[in-house]
Amino acid sequence: MAEQDSLITEEMQATIGVESEPWTLEIDKTSVRMFARSVGYTDPVFYDEEEAKRAGYRNLPAPAGYLGTPIFNPNRASEARGSRPNPEPSRPLKRMLNGGTDVEYTGQICAGDILTATNHVSAIEERQGRLGEMLITTSKTVYKNETGETVAIVTGTGIRY
């Protein structure tokens, strides 16, 4: 595509790498058990603290895909959404598709942990697809525990067409 025909505006470019305000999530025993039950996990480490400790965990481990429940504070409602609190620039294409989500675990997450998450757009690119122009946005959400250790990085891809 020619430079002047680019779907990626300067305003969109300016969002790349800009970190969101942090939001807080908690990992509690009830939520661990409920999530594990809802996705059909039967391993006792998700339900019984003694089994979890025998298996080498500090407490009930967070099941794969569960990264906590946002702590709701009505005075700071944007934190409870678990998303970028700042509005994103408008995009020229309106149809959206989830291009995939990848979760990289870099540490142990267990009941009792309090996580802090931040999000940023890591890349924006345009491609030509069968249905026409596509705008592909990659974002990363980094989860850290109370000691500041990164315990998970979620990479999400959004496709507009």
Subject >> From the options V18, V32, residue that is in a helix (DSSP H, G or I), under 20 Å from Y143 (Cα atoms) and of a type in the set (A, V, I, L, M, F, W, C) >> reply: V32
Original post:
In segment 63-110, what count of residues is obtained for those that are modelled with pLDDT of 95 or more, assigned to a loop (DSSP other than H, G, I, E, B) and either under 30 Å from D5 (Cα atoms) or of a type in the set (A, V, I, L, M) (or both)?
Top reply: 3
Original post:
Does segment 27-44 contain any residue that is without any contact (Cβ under 8 Å) to a residue 24 or more places away in the chain, closer than 11 Å to A111 by Cβ and among the hydrophobic types (A, V, I, L, M, F, W, C)?
Top reply: no
Original post:
Only one residue in T141, T155, T118 is among the hydroxyl-bearing types (S, T, Y), within 16 Å of L67 (Cα to Cα) and surrounded by 19 or more Cβ atoms within 10 Å (Cβ to Cβ), so which one is that?
Top reply: T141
Original post:
All but one of (1) closer than 20 Å to D113 by Cβ; (2) touching a Lys or Arg at 6+ places or on another chain (Cβ under 6 Å) hold for P22; which doesn't?
Top reply: (2)
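Yes or no, residue by residue, for (1) among the small types (G, A, S); (2) surrounded by fewer than 17 Cβ atoms within 10 Å (Cβ to Cβ); (3) in contact with a helix residue (DSSP H, G or I) (Cβ under 9 Å, 6 or more places away or on another chain):
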| site | (1), (2), (3) |
| --- | --- |
| D5 | no, yes, no |
| E11 | no, yes, no |
| V18 | no, yes, no |
| L25 | no, no, no |
| A36 | yes, no, yes |
| F46 | no, no, yes |
| R54 | no, yes, yes |
| R58 | no, yes, yes |
| P63 | no, no, yes |
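The values are calculated or read from the model by the stated rules, or taken from the named source; none is laboratory data. Since the model is a prediction, treat every value here as computed from it, not as a measurement. When we count neighbours, we look across all protein chains shown, and the Cβ atoms used for this are built from the backbone with ideal geometry, even at glycine.
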